[in-house]
1. Determine whether residue 9 is in contact with a Ser or Thr (Cβ under 6 Å, 6 or more places away or on another chain), under 22 Å from residue 118 (Cβ atoms) and crowded, with 16+ Cβ neighbours inside 10 Å.
2. Give me the pairs, please: first residue somewhere in the range 33-61 and over 20 Å from residue 23 (Cα atoms) and in a loop (DSSP other than H, G, I, E, B), second residue anywhere and open to solvent by 10 Å² or more (accessible area, probe 1.4 Å) and of a type in the set (Gly, Ala, Ser), beta-carbon distance under 9 Å, and either six or more positions apart or on two chains.
3. Tell me, yes or no, whether the range 36-48 has at least one residue that is within 26 Å of residue 75 (Cβ to Cβ) and open to solvent by 40 Å² or more (accessible area, probe 1.4 Å).
4. Tell me which residues, restricted to the range 87-99, are crowded, with 18+ Cβ neighbours inside 10 Å and acidic (Asp, Glu).
5. Out of the range 62-88, which residues are in a strand (DSSP E or B), free of Cβ contacts under 8 Å to residues at least 24 places away in the same chain and over 15 Å from residue 38 (Cα atoms)?
6. Within the range 54-81, how many residues are among the β-branched types (Val, Ile, Thr), open to solvent by 30 Å² or more (accessible area, probe 1.4 Å) and within 18 Å of residue 31 (Cβ to Cβ)?
7. Looking at (1) within 26 Å of residue 122 (Cβ to Cβ); (2) open to solvent by less than 30 Å² (accessible area, probe 1.4 Å), which one does residue 84 not meet, given that it meets all the others?
8. Exactly one condition in (1) hydroxyl-bearing (Ser, Thr, Tyr); (2) touching a residue at least 24 places away in the same chain (Cβ under 8 Å); (3) part of a loop (DSSP other than H, G, I, E, B); (4) open to solvent by 50 Å² or more (accessible area, probe 1.4 Å) is not met by residue 105; state its number.
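The values are calculated or read from the model by the stated rules, or taken from the named source; none is laboratory data. Quick caveat, the model's predicted, so the values are computed rather than measured. FYI the Cβ positions are ideal-geometry reconstructions off the backbone, even for glycines, and counts take in every protein chain you see. For accessibility, only protein heavy atoms count, side chains too; no ligands or nucleic acids. Shrake-Rupley method; radii C 1.70, N 1.55, O 1.52, S 1.80 Å.
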Amino acid sequence: QVQLVESGGGLVQAGGSLRLSCAASGRTFSLDDMGWFRQAPGKEREFVAHIRWSGGSTYYADSVKGRFTISRDNAKKMVYLQMNSLKPEDTAVYYCAVRRGGYYSDYGSYDYWGQGTQVTVSS
């Protein structure tokens, strides 16, 4: 079992920055690949970013590439999402998740999810 708790969301103006955090507890975290997804009202949950267990490889959705950075601290069992140059279309609930296998951008590849944190970007 893994428990995930996201934090760091809030209201920010377009062009601003936020740093999301995901705290993990439970089984060994350092061997888990992790991902961030988001879901806007009326839309499906979509992939945002992924990081391998070692932190050596990262992947991003095209819509956030160059603006968002995923990172992790295995000693602290934390995953982060630094979001810069935020746009109104980034408004969504952001979730972190543990990947069990499969393609990194597929929703079905993840089996543990946090409760999400709301990010709202005003224009």
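1. The answer is yes for residue 9.
2. Sorted first by the residue in the range 33-61, then by its partner, the pairs are 61/105.
3. First pass over the range 36-48, keeping only residues within 26 Å of residue 75 (Cβ to Cβ): 36-37, 48.
Now restrict to residues that are open to solvent by 40 Å² or more (accessible area, probe 1.4 Å): none.
No, that holds for no residue.
4. Within the range 87-99, just 90 meets the criteria.
5. Across the range 62-88, the qualifying residues are 71, 73.
6. At the first step, the residues of the range 54-81 found to be among the β-branched types (Val, Ile, Thr) are 58, 64, 69-70, 79.
Okay, now just the ones that are also open to solvent by 30 Å² or more (accessible area, probe 1.4 Å), so 58, 69.
Going one step further and asking which of them are within 18 Å of residue 31 (Cβ to Cβ), we end up with 58.
Here the count works out to 1.
7. Unmet condition: (2).
8. All conditions pass for residue 105, except number (4).
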